[in-house]
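The values are calculated or read from the model by the stated rules, or taken from the named source; none is laboratory data. Quick caveat: nothing in here was measured; it's all calculated off a predicted structure. A quick note on method: Cβ atoms are made from the backbone with ideal geometry, for glycine too, and the neighbour counts reach across all protein chains shown. Quick note on the areas: whole protein, heavy atoms, side chains included, nothing else; ligands and nucleic acids left out. Shrake-Rupley method; radii C 1.70, N 1.55, O 1.52, S 1.80 Å.
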2 protein chains.
Amino acid sequence: MIALNATHDPARRSWLASANTPGADFPIQNLPLGMFSLQSEADAAAPRPAVAIGDQVVDLRALDAAGLFSGDAARAVRAVAPSDLGLNAMMALGNQPASALRARLSELLREGGDSGLRERAGTLLHSQADVRMHLPCRIGDYTDFLTSYPHTERHGRFKGLADPVTPVFHSLPVAYHGRASSIRVSGTPVRRPNGQWKAADGSIQFGAVEAMDLELELAALVGAGTRLAEPVPLDQAGEHIFGYVLLNDWSAKSVQWWEQMLGPFLGKSFMSSISPWVVTAEALAPFAMRAPARRPEAPPLLPYLHSAQDRERGGLDIALEAWLSTAAMRETGSGPVRLAATHLSNLTWTFGQMLTHHCSNGCDLHPGDLMGSGTVSGERDDERACLTEIASAGKEPLHLPNGEERRWLQDGDEVTLRARAGGEGRVAIGFGPCAGRILPALPYPLPKA
Amino acid sequence: MIALNATHDPARRSWLASANTPGADFPIQNLPLGMFSLQSEADAAAPRPAVAIGDQVVDLRALDAAGLFSGDAARAVRAVAPSDLGLNAMMALGNQPASALRARLSELLREGGDSGLRERAGTLLHSQADVRMHLPCRIGDYTDFLTSYPHTERHGRFKGLADPVTPVFHSLPVAYHGRASSIRVSGTPVRRPNGQWKAADGSIQFGAVEAMDLELELAALVGAGTRLAEPVPLDQAGEHIFGYVLLNDWSAKSVQWWEQMLGPFLGKSFMSSISPWVVTAEALAPFAMRAPARRPEAPPLLPYLHSAQDRERGGLDIALEAWLSTAAMRETGSGPVRLAATHLSNLTWTFGQMLTHHCSNGCDLHPGDLMGSGTVSGERDDERACLTEIASAGKEPLHLPNGEERRWLQDGDEVTLRARAGGEGRVAIGFGPCAGRILPALPYPLPKA
């Protein structure tokens, strides 16, 4: 469990005005980590580590070169070699060096703190408008969980299952291995895939997939790795979670439903999007909350998935939203429409339980591995966190304010995910956007006859 | 399609006698690639690229330092940097540089060829008994297919399914994403996992898993990568397959059957084993054969999964075996028992079809990605390529010649997979062993109360 410290002080303000704007995603209490390069640089410019504050990006390697870091803070920054494409080596050190870095940055960025950075802000800070964000780390393995009861129940009903939530859902955090290679950073266009599905008339089709969906998820990134054959007790799971990002688990639903024999494969693997800024587990410590209550029909937790600490502090007070902007909306200058507003407390399992279950069989987790929560749907209609639920698997189209309707995502549609921890009178911290726009499918290349 | 050349000449012999022994896995026609270090070195010694010949290992970097390589052969070897842990950078170049390397090595190792290596064999070659083999490459993503009809049918029957092979099996190569982090090289002990399962009385249990199984598979390694959103036509799939290894997809069957909602997860992810030597696609070119005939009930292939070339030459003439040595057998000095003898032609889909289907939705494949065939079971009883099939899911124990019986693998059991292409009067090439011994489960660490 992470103790609160001065970096969490809600009264702390930055000398950078944009960090103090009410509702800003990146106040001084956040300081998320990412990898950036400058828009003005060549496409192939190596990304380097950074922290976001207000509307600015702090170049950590430049701060180190300017002599502003020492001790563990320097160790955290220097772990990332110039040839590294991600923060993995910093994450591998566990949460302590990153915590020292955070403490030092908070001191350099706060009103009345060390003025070393403020004096050189012109060369050490960049406007977020001038940078290109990259994936924050190399993702070796990607696991996606299924932990929302309402999401599972609605999907089961669409498939006509008599008992839409099978008993195993209550006994363990169900998951599948996802495809790591096709994860891209927010902003990367999403090419509509070609795929195979079973049509309503029973025929098997192949072509551009109509049934395109978003899935609104939060995802944990592994920091310190675990070793093969060495499970992690639940109360130590937090030591291996470095931070969190937003995840859009884009789905080709017709493909997913037809290929389903061993779980999702091509229905998901064409691309997944994550937000570029890793909100650290430490930054989220003030927003710990009780784990959601178990449902009445759920059996008692098995001992390896139960601890008093996890019950008391395993949840996170994070609200999540999905927004849709269609091509027609952008042409007419009308703003995006909110598709969903949900909360992480809709999940049946905590991230600690997910991690502990994941390595309960000895499976090793590596720095940078990604664990998605599954679609964060709740019981309420506005908490349906994917279009399949909102439009009842294509049967009841969503009517948009401008007269358009959507059964599935169309070409040109842009989906933006957002999330915030806290708020309502308290300091809140945000995740920044996770966005992607659908491009038309390409013609499928066939062998020459 | 790979053309035959002088390196395939069945009459070619090596000046190294052990390479000419009938039945040797590594004659001069094979020349598989791997990563080795010396037993005499520290555990942390960096692995470096090698080729196997007879009972020897050829140190490729040492040959390069001795001036024995130029052009593309040198380029292939030098692609692998001293800090690299695998052959990925060589594989990324595609099959042509590796082919040039193979041609040069064949010339250096053949009777009557270039004598530059023979004269310095004492320093450039090592006995296989003196080396430690490592994973041949970093495996970014691991995909496991399900392509044996008999395997699928028997498993479906054990589960009580009325229609054990669902129609999708015939329409596309079914697959799931596997866990890449827990793949280990042959020889690594296999720790029996703890896990959760549903007992016969309906209760949910957690503890050391009894139902341990092997699964005999062949797996392709991706060479030249593919790009996001760019599918690969079937006739070009071979350009992205660098070579093949044996794969033991160790399974905790009771866990797999209970957790199944989104496909295999902890039932498989505790560890998978692969053989260390990559038998190149080029070395296997002489063993290309017709793809297996489609079953009568299968619909016509969709165009993206059909080509005349794949039908004519997409299969591989590879025989595979699994062997069991129990602790009792080793104590009494009796040799291992053969559990299964099967053939790759038992698979419904070709590796070309698997790769083309995998990226038909735009999913990008990276150098070193692993694609398992699924358990290579055939119709005959001796072709059942896992213990679940052999012992009817624990109901009909296998009786071993020494009086032991097995429903599942026991602690101390060692399983060795082997495979050979060709044979019966023709030159044959082998894969070397893929072995692993089961260790007892460790007590599960629980949170302190």
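Comment: the Cα-to-Cβ extended label point of residue B:401, at 7 Å, lies 8.0 nm from its counterparts in the other copies, nearest first. Provide an ascending nm list, one decimal, of label-point separations from residue B:201 to the equivalent residue in each further copy; define each label point as 7 Å from Cα along Cα→Cβ. Inter-copy label distances (nm, one decimal, shortest first): 5.6. For the set B:228, B:387, A:161, the ranking by accessible area, highest first and with no ligand, DNA or RNA atoms included, is A:161, B:228, B:387 under a 1.4 Å probe. In terms of distances greater than 27 angstrom between alpha carbons, the cross-link table entries A:253/B:198; B:198/B:395; A:268/B:198 yield A:253/B:198; A:268/B:198. Counting only Cβ charges, +1 for Lys and Arg and -1 for Asp and Glu, the dipole size of the protein assembly as shown around its Cα centre is about 360 debye. Accessible area of residue B:190 (1.4 Å probe, protein heavy atoms only, ligands and nucleic acids ignored): about 0 Å². In this view, the solvent-accessible surface of residue A:134, computed with a 1.4 Å probe and all protein chains in place, comes to about 40 Å². Summarised as an ellipsoid, segment A:6-134 has semi-axes of 21, 18, 13 Å, derived from the eigenvalues of the Cα gyration tensor scaled by 5 and square-rooted, with the largest first. Residue-level result for chain A: its Cβ closest to the axis carrying A onto B, with that distance in Å, is A:263, 1. If you take all other residues with their beta carbon under 15 Å from the beta carbon of residue B:89, and give Lys and Arg +1 and Asp and Glu -1, the sum is +1.
Scaled against 2.2 N^0.38 Å for its residue count N, the alpha carbon radius of gyration of segment A:72-118 is 1.26. Residues A:253, A:159 ordered from highest to lowest accessible area at a 1.4 Å probe: A:159, A:253.
For chain A, the calculated P(r) over all alpha carbon pairs, in 10 Å bins from 0 to the bin holding the longest distance, is 4, 21, 31, 26, 14, 4, 0, 0 percent.
Shielding of peptide A:196-209 by partners, expressed as the average count of other chain Cβ atoms within 10 Å per residue Cβ, is 2. Residue A:187 label point (Cα plus 7 Å toward Cβ) to equivalent points in the other copies: 4.7 nm, shortest first. For chain B, the Cβ-based charge dipole about the Cα centre amounts to some 300 debye (Lys, Arg positive; Asp, Glu negative; other atoms uncharged). Computed about the Cα centre, the dipole magnitude for segment A:6-134 is approximately 240 debye when only Lys and Arg (+1) and Asp and Glu (-1) carry charge, each at its Cβ. Sequentially through segment B:234-249, phi angles give Karplus couplings (6.51, -1.76, 1.60; θ = phi - 60°) of 4, 6, 9, 4, x, 5, 9, 9, 7, x, 9, 9, 7, 9, 9, 8 Hz, Gly and Pro residues having no value and appearing as x.
Residues A:188, A:342 ordered from highest to lowest accessible area at a 1.4 Å probe: A:188, A:342. What FRET efficiency comes out for residue A:203 versus residue A:119 if R0 is 51 angstrom and r is the Cβ-Cβ distance? Round to the nearest 0.05. Computed FRET efficiency for residue A:203 and residue A:119 comes out at 0.15.
Normalised by the number of residues in chain B, the mean separation of alpha-carbon contacts (under 8 Å, six or more apart) gives a relative contact order of 20 percent. Across peptide A:263-273, the mean count of Cβ atoms from other chains lying within 10 Å of each residue's own Cβ comes to 6.
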